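Novice: I'd like to ask you about the structure that follows.
The values are calculated or read from the model by the stated rules, or taken from the named source; none is laboratory data. From a predicted model like this one, the values you see are computed outputs, not experimental measurements. Every residue, glycine as well, gets a Cβ built from its backbone with ideal geometry; the counts of neighbours run over all protein chains shown.
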Amino acid sequence: MKIIKSDNRVVDFKSLFFHKLLMTPEEGNFVRGIAFESRRRMIESRFGREAFAEYMRSLSERDPFWKQNILATSKIPLDNFLAFNDGLLARFYHNDIMAYWEWGRMAARWVLTEGPYRNFMKEKDLKTFISRVLPMLWRLYFTFGSADLKIRGRRVRITLSGLPRKHPYLEYTIMGWIEEAMLVKGEKIDDIRPISSGPPEVVYEFVLSRNVD
């Protein structure tokens, strides 16, 4: 959606919204509804809409928070969101912990190719995409912590700081998301090395097939 300002400049409404999210300080540990939307789409595509609806009915009986409609911009308390994911893992994935990594990859592919953040893929310079765009995207998902990506040759050191608790979502899903973002960008990854699983920090090193620095 675009709007025309009084000086005849064309301004993209989504850009204004993203700028407000990025520039407005927030308190508390919340996950934005875009993460829920990614998960909903994933479960419905694999198991069907009714299967997801039944899960949500069951979840809302245990946790009244989920009785409300969740929008992409909604703020979901972290503990509620992690419980939502743990329930999905138990119900649909036999508690396979590595499903969290695959969820991250699927979420990144959707949001960066079809979803609301696909315009971020227009950044042509890979170094800028890794060091600036990916950390900025963190702010569009979470009100807590930060993501820092540093490049040295073929190596990308990823540090997630300020994590309020240890949970596979805050490690595997996010690292899977970053992996897929790089793959969507056209990069090849030779190796992924965990260094620290936190909290308060999760640190990984991705080894690319070529020098970026």
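Novice: Just to be sure I understand, how many residues within the stretch 146-169 are without any contact (Cβ under 8 Å) to a residue 40 or more places away in the chain and crowded, with 18+ Cβ neighbours inside 10 Å?
Specialist: Going through the stretch 146-169 one residue at a time, the tally reaches 3.
Novice: Which one is farthest from the chain's Cα centre (by Cα), of the residues in the stretch 25-42 that are under 19 Å from Ala107 (Cα atoms) and not in a helix (DSSP H, G or I)?
Specialist: Result: Phe30.
Novice: Here's another thing I want to ask about it. Is there a residue being within 14 Å of the chain's Cα centre (by Cα), on the phi < 0 side of the Ramachandran plot and surrounded by fewer than 17 Cβ atoms within 10 Å (Cβ to Cβ) anywhere in the stretch 94-104?
Specialist: Yes, the stretch 94-104 contains at least one residue that is within 14 Å of the chain's Cα centre (by Cα), on the phi < 0 side of the Ramachandran plot and surrounded by fewer than 17 Cβ atoms within 10 Å (Cβ to Cβ).
Novice: Given the criterion at pLDDT below 95, small (Gly, Ala, Ser) and not in a helix (DSSP H, G or I), identify the matching residue among Ser15, Ser6.
Specialist: Ser6
Novice: Next question, about the same structure. If you go through the stretch 159-187, how many residues are farther than 21 Å from Arg39 by Cβ and under 14 Å from the mean Cα position of the chain (by Cα)?
Specialist: 1
Novice: Could you check the stretch 197-213 and list, in sequence order, the residues that are more than 17 Å from Ala147 (Cα to Cα) and not in a strand (DSSP E or B)?
Specialist: Passing the criteria: Ser209, Arg210, Asn211, Val212, Asp213.
Novice: Return the residues of the stretch 110-144 that are in contact with a strand residue (DSSP E or B) (Cβ under 7 Å, 6 or more places away or on another chain), part of a helix (DSSP H, G or I) and either without any contact (Cβ under 8 Å) to a residue 60 or more places away in the chain or among the hydroxyl-bearing types (Ser, Thr, Tyr) (or both); say none if nothing qualifies.
Specialist: Ser131, Leu134, Pro135, Trp138, Tyr141
Novice: Follow-up. Just checking, how many residues over the stretch 170-196 are part of a helix (DSSP H, G or I), surrounded by fewer than 22 Cβ atoms within 10 Å (Cβ to Cβ) and of a type in the set (Gly, Ala, Ser)?
Specialist: Residues flagged as part of a helix (DSSP H, G or I), surrounded by fewer than 22 Cβ atoms within 10 Å (Cβ to Cβ) and of a type in the set (Gly, Ala, Ser) within the stretch 170-196 amount to 0.
Novice: Pairs needed: first member in the stretch 43-59, outside any helix (DSSP H, G or I); second member anywhere, not small (Gly, Ala, Ser); C-beta distance under 6 Å; at least 6 residues apart or different chains.
Specialist: Every condition considered, no pair remains.
Novice: Identify all residues within the stretch 115-148 that are more than 15 Å from Gly162 (Cβ to Cβ) and either in contact with a Leu (Cβ under 8 Å, 6 or more places away or on another chain) or β-branched (Val, Ile, Thr) (or both); write none if there are none.
Specialist: Tyr117, Arg118, Phe120, Met121, Thr128, Ile130, Ser131, Val133, Leu134, Met136, Leu140
Novice: Residues to consider are Arg41, Arg57, Arg132, Arg46; find the one that is at pLDDT below 95, out of contact with any Gly (no Cβ under 8 Å at 6 or more places or on another chain) and surrounded by fewer than 19 Cβ atoms within 10 Å (Cβ to Cβ).
Specialist: Selected residue: Arg132, the only one of Arg41, Arg57, Arg132, Arg46 that is at pLDDT below 95, out of contact with any Gly (no Cβ under 8 Å at 6 or more places or on another chain) and surrounded by fewer than 19 Cβ atoms within 10 Å (Cβ to Cβ).
Novice: Another one. In the stretch 112-150, what residues are more than 18 Å from Leu183 (Cα to Cα) and among the polar types (S, T, N, Q)?
Specialist: Of everything in the stretch 112-150, those that are more than 18 Å from Leu183 (Cα to Cα) and among the polar types (S, T, N, Q) turn out to be Thr143, Ser146.
Novice: Going by the conditions given, is Ala107 in contact with a helix residue (DSSP H, G or I) (Cβ under 8 Å, 6 or more places away or on another chain), farther than 24 Å from Gly28 by Cα and either of a type in the set (Asp, Glu) or part of a helix (DSSP H, G or I) (or both)?
Specialist: No; evaluated as a whole, the condition is false for this residue.
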